[in-house]
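Remarks on the structure that follows.
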């Protein structure tokens, strides 16, 4: 929406004016720029008649309108006066209009023109009122709009074509209802909108294409209700959107295609509107959003494909949809999630190789499937992450699954967390060498056997129960074998009335020792005494372990 508080006052003066380059005009215009009731600037300009300009065009002369006031310039009117067709191409030879002032009550019209010759320039010029129309214009060389100011209802470059030269709108101001670059073709040159201020304009680049040159919107400002970059073809040059302020409008890059160039949105600010990057083909490129801030509205990369999508140290305040079609790396390290982070596959699979979120602060909910998303592989495949970093990420997943009531997945994430944590402690101990390394190996082996293999860190009651049966049987076999080698026997304190053989006595003694029943009818003698003590401790531990695992399952 056009929100300017500026106004311009033009006074025609019937006096000649001459510029330093030798150009002379029979009359001049005094153009004053006012903001509210304060005069901002004042400039005296040449004021050629529109008929004089049309005559230069007809003759094919080089046209220099720099520092001029041009009223009602219209190539549509020119074609009509000459009897040309509406789409007749008008040649503008070496057109120069720097620091000029264009004004019209209907339209400033450069449609169906061909800028030929050397660089054409509208640098530091002002376009005031009505519409500014460059539809179907063509330029083979460079076209310069640096620091141009547009105070119009609409600025349109629809179906314009730029070939080899650069197109520059650096530090330009667009204070309009709409800014349209629909179906615009940018060729081999660079396209520069660096520090451009689009204010409250609705901006539309839909169906445009960029070829070989770099595209830069660095530090540009958008405050309109919509920014449309749908179905754009970005070429082999870099696409720079660093430190862009996108305002609170809806932003749509859906179905756009990037080829080989680097894509950079670092430290950009996205407001509370929708941010859609759906079904975007980012190619085999790294897409960087480092340090970007995303407001409360939807952020969606649904169905997109990329090599690396980097959103480290970002603020993700709204619903974030990362149900991508294909990607090698999604990096959300050290970012803040305030609402929903969705990676769970729906109708179509999410083919993501690696997901890195070390240091992620989750204040919302993460939706992901342990099986369908291959969550273990997403973390384990991280090449540069430490074992401790991987452990912390599995722990965060475990907390998320618990929050969402996915308790089986929580158990799997918890087991992975503990295993990587153990390996991290072992690795740190081995780095210290000496006695610390030996101690690290011992504790790792103990934890691996007792906590992991015996019961999967209290997540599998049946595994603990199986371990209990194994330990009971193992000690029973020892009670059978040891008497053949050392003084060791199981003695009956009541005269052995049931006449049990060695196998029966060994298993019976192992059972009452393991379960700490202690009837007293059979007791160990010799070397099996210390062995029975060890079994008693193992029984107490495993029964407690089973109780914890079983109750944990029941309570959930």
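Every number in this text was worked out from the coordinates using simple rules, so none of it is lab data. This one's a predicted model, so the numbers in the text were calculated from it and none came from an experiment. All Cβ positions, even for glycine, are placed from backbone atoms using ideal geometry, and neighbour counts span all protein chains on display.
Given the convex hull of the Cα atoms of the stretch 364-413, what is a quarter of its surface area in nm²?
Values: hull surface 13.4 nm².
Projected area, direction-averaged: 3.4 nm².
Can you pull the percent of Cα pairs in the stretch 17-122 with separation above 20 Å? It would help to have the intermediate numbers written out before the result.
Details: 2331 of 5565 pairs.
Considering the stretch 17-122, 42 percent of its Cα-Cα pairs are separated by more than 20 Å.
For the stretch 386-453, averaging the sequence separation of C-alpha pairs within contact (under 8 Å, six or more residues apart) and dividing by the residue count gives a relative contact order of 28 percent. Summary value for the chain: 5 percent relative contact order, contacts being C-alpha pairs under 8 angstrom separated by 6+ residues.
So if I average 1/r over every pair of distinct C-alpha atoms in the chain and take the inverse, what Kirkwood radius in Å does that give?
Numbers: mean 1/r = 0.0340 Å⁻¹.
For the chain, inverting the mean 1/r across all distinct Cα pairs yields 29.4 Å.
Axis of helix 461-481 versus longest Cα principal axis of the chain: the two differ by about 30°, to the nearest ten degrees. Calculated over the stretch 461-555, the projected area of the Cα convex hull averaged across directions stands at 6.3 nm². Taking the Cα atoms only, what angle lies between the long axis of helix 528-555 and the longest principal axis of the chain, rounded to 10 degrees? Tilt relative to the chain: about 40 degrees. Between residue 551 and residue 525, what FRET efficiency comes out of the Förster formula 1/(1 + (r/R0)^6) with R0 = 41 Å and r the beta carbon distance, rounded to 0.05? The pair residue 525/residue 551 has a calculated efficiency of 0.60.
Hey, fewest Cβ within 10 Å first, where do 421, 103 land in order? Mind showing how you got there, number by number?
Details: 421 18, 103 21.
In order of increasing Cβ crowding within 10 Å: 421, 103.
Shown for 402, 484: other C-beta atoms within 10 Å of each C-beta, ranked fewest to most, produce the order 484, 402.
To the nearest 0.05, what FRET efficiency results for residue 13 and residue 272 with a Förster distance of 51 Å applied to their C-beta separation?
Values: r = 50 Å, r/R0 = 0.98.
Efficiency, rounded to the nearest 0.05: 0.55.
With the convex hull of the Cα atoms taken as the outline of the stretch 122-216, the averaged projected area works out to 4.9 nm². Kirkwood analysis of the stretch 391-436, using all unique Cα-Cα pairs, places the hydrodynamic radius at 11.3 Å.
Between the helical axis of 407-432 and the longest alpha-carbon principal axis of the chain there is an angle of about 80 degrees.
Summarising the label geometry, the points placed 7 Å from Cα in the beta-carbon direction at residue 543 and residue 516 lie 0.6 nm from one another.
A simple spin-label model places the labels of residue 499 and residue 116 12.4 nm from each other, with each point 7 Å out along Cα-to-Cβ.
Measuring between their Cα centroids, the stretch 23-55 and the stretch 210-277 lie 37 Å from each other. What shape does the stretch 373-466 have by the C-alpha gyration tensor, where a ≥ b ≥ c are the square roots of the eigenvalues, rounded means a/c under 1.5, and otherwise prolate means a/b greater than b/c and oblate the rest? Oblate, because a/c is 1.5 or more while a/b does not exceed b/c.
What FRET efficiency do you get for residue 487 and residue 371 if R0 is 56 Å and r is their Cβ-Cβ distance, rounded to the nearest 0.05? Before the final figure, lay out each step's value.
On the way: r = 56 Å, r/R0 = 1.00.
My answer for the efficiency is 0.50.
Helical runs (DSSP H, four residues minimum) scored at -39500 (n - 2.57) apiece and divided by the length of the chain put the mean residue ellipticity at 222 nm at -8500 deg cm²/dmol.
As a proxy for reagent exposure, ranking 548, 244 by other Cβ atoms within 10 Å from fewest up yields 548, 244.
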